[in-house]
Structures are given as structure tokens and as C-alpha cells.
Amino acid sequence: MQMPSYWELVSGDRVETESFRFFHSVTTPNLAGFFDQGRWARRLLQMSHQYPVLWHAMTAVACIHRDFMTNTTPITVSRSQDSLQVRLALQQWNKSIQRLHELLSERVLTKTDRLVILSVCILFITMASLQGRQWQAFVHINSGLKLIHQWNFADRGKSQRDEDLDLDVLLALFTQLDSQARPYLPSLSNSLHWTDKQIILSSSTNPFKTLLEACVALEVHFNSMMQIFTSDSIYINGPDPGIQIKKQQCLIDLTEWDARLDKYLETTPHPEDGKALKLLYARRRLAQVALSMDLTKGELAHDDFVEDYAYMLELMGYILEDPINTLDSQPGNIDQPQ
């Protein structure tokens, strides 16, 4: 008799098991980024054995991801079509919600419990995004951010246990999601009550220990910048001394970030993942352009940063494994100055 697999022992439901395998083999490689540190690929899968809320959330995302890959509906349109995968996802989502209520009501939450809850929140965001349901995604982003502040997760020690690496990954994800969502907030209902608190990391001039730590710090600085640019006063009232001071502080923070990264690269000149480093460089240059741009020039303000944009395109070409000379990428039959 063939022994049941790990996933079959966890679930006992072959349909759930198949979906979980899909999450492990297909969804995880797409979900995990350059700074994952094995979180999605290893630790989170192991934790689902102890946390049914995580298991059901993963299988729900797997079902929606499979439907997304075969559904021709544009990403900007809400996917309302019924299908077997969508029905399975709804069942798993309901089970995950039920388990989440049980987790929140049965005991005092440990740090691991809280990391699991934030991870489930990320999975709910992913599920809503794949379905084109932006409003639901915004709700889950806002909920996760409020929990991070409520639990004081931005204030943590210097140890680098697995759970601390997990927290770094989550902080980077939620901070970046906050930065991406903020430009859309004015068009949303006021009932969302978006949190205006910022993640504040401990001040340090020490070199980064990992590229993940550098990523978290950069995303926090980027988010501070986005809070400036999504303030109504910067566009309604024109140049404001207070805004200029905040922008200057962002530039100072980014310069200090540069110094810490340089110190890290002195001891680790060739990081294990070169794409991760180039992604940081692209994100850093984008922040520099935004903070240095003269908004009074309107659309012409971008003309001052052609070389910066070309540099970022070159970096992204490398990351996407399609290196090109961005300045020579014009089709030959177009008579246009470079």
C-alpha cells in the first residue's frame, strides 16, 4: 500500500491536496520575489501543517490562480464568471475565514500566530487582485497595515531568527502595497479609513546585513515619499516650505541608505542574487527622480531625466532576462532622433 503524502496527511481531501500541490509548484514561484529568503517556498508551506487557516487560504489562491491562467478576461475587469475553480476557491476562502475567526477568539496570539495572520492577509490580497477586485484588495492591504501598527511590528530587535526574516518579508510587501495603493485613495469611499501611520525603522548607520534588510529600508523611505506626493496640499497650494523640508529629508534618508548599502557591498561585492540588487538600484533611482523633479514644468519635467529612465530600463531588461541597449532599441525604419 502506498503511504499518503505530506499534503494528503494535512488535508485528507484529494481536491484540496491537488490545489495545494499547484500552489507549491506553480503559484509559489510566481508569488515569491527576489527577497523571499525561502519564506513562501519552504517555511510557510511547513506552517500550513499547524495552521488550517493558512492551508485553506493557500488552496483558495491556487484555485483562483489556475482560473486566472485560463481566463481571458482582462486583468482590469472583475472576473465574475462561474467556474469549478472559482467555486472551489470560494469554499476554501470561507473555510479560511472560519479558521481565522477561531484563531482570533481562542487564545492569546503568539508572534507566530500574528505572522500567520498577516500572511493570510497577503494571500487574500493576491486572491482579490487575480480576480480584478481592487476594492477588496485595498481593504485587505489596509487591514494588514493596521495590524502591523497595532502589534508594533516595525519595532523589533537585531536578531535574525526565521520569524524575523518572515517579518522583514511581510514589512517589505505591505509597505510596497501601501505605496502602490495611495495614488488611488482619493477615488475610493471615505469609509475605508486608510491608515496614515508610517513604518519607522530604527536609525542606523551600520551596513545592511542582507539585501532583504536593505529592501525593507528602501521601501519605508519610498513610502514616506509617496505620502508626500499623495497629499492634496502639494497640488492645490503649490510649492510649500513644509513639503520641501519633507522632500529634502527623504533625499537625506536615501543618501544614508546608499552609504549603508555600499558598506554591505564592500563585504559582499557579489550578492547571491544579482537581480535583487538591480531591482533595488532601479527602485532607488525612481525615488531620486520623483524627489528631484520640478513639478511646475508639467509633462516637460520628465525631459530632465532621460538618462535616468534609460538606466532604469536597462536594469529592468536585465531582471527580465531581456538585456537591451535602450537607446538603440528603436525600429530601424523609424526616422527619429535618439
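Spatial offset of the stretch 36-58 relative to the stretch 192-233 amounts to 26 Å, using the alpha carbon center of each. Sorting GLU266, GLU16, GLU213 on solvent-accessible area from highest to lowest, probe radius 1.4 Å, gives GLU266, GLU213, GLU16.
Per residue, the stretch 34-74 exposes an accessible area of 39 Å² to a 1.4 Å probe, with every protein chain left in place. Remark: the Cα gyration tensor places the stretch 193-284 in the prolate category, a/c being 1.5 or greater and a/b exceeding b/c.
Local charge sum around ALA57 (other residues, Cβ-Cβ under 13 Å, Lys/Arg +1, Asp/Glu -1)? Summing Lys and Arg as +1 and Asp and Glu as -1 gives +1. Computed from backbone phi with θ = phi - 60° and the Karplus coefficients 6.51, -1.76 and 1.60, the 3J(HN,Hα) list for the stretch 53-58 is 4, 6, 4, 5, 5, 5 Hz; x is used for glycine and proline. When the trypsin sites (Lys or Arg not before Pro) in the stretch 203-289 are filtered for DSSP coil states and for at most 16 other beta-carbon atoms within 10 Å of their beta-carbon, the remaining sites are LYS209.
The values are calculated or read from the model by the stated rules, or taken from the named source; none is laboratory data. Just so it is clear, the structure is predicted and the values come from calculations on it, not from any experiment. No Cβ is skipped: glycine too gets one built from the backbone with ideal geometry, and neighbour counts run over all protein chains shown. Remember, those area values only see protein heavy atoms, side chains included, never the ligands or the DNA or RNA. Shrake-Rupley method; radii C 1.70, N 1.55, O 1.52, S 1.80 Å.
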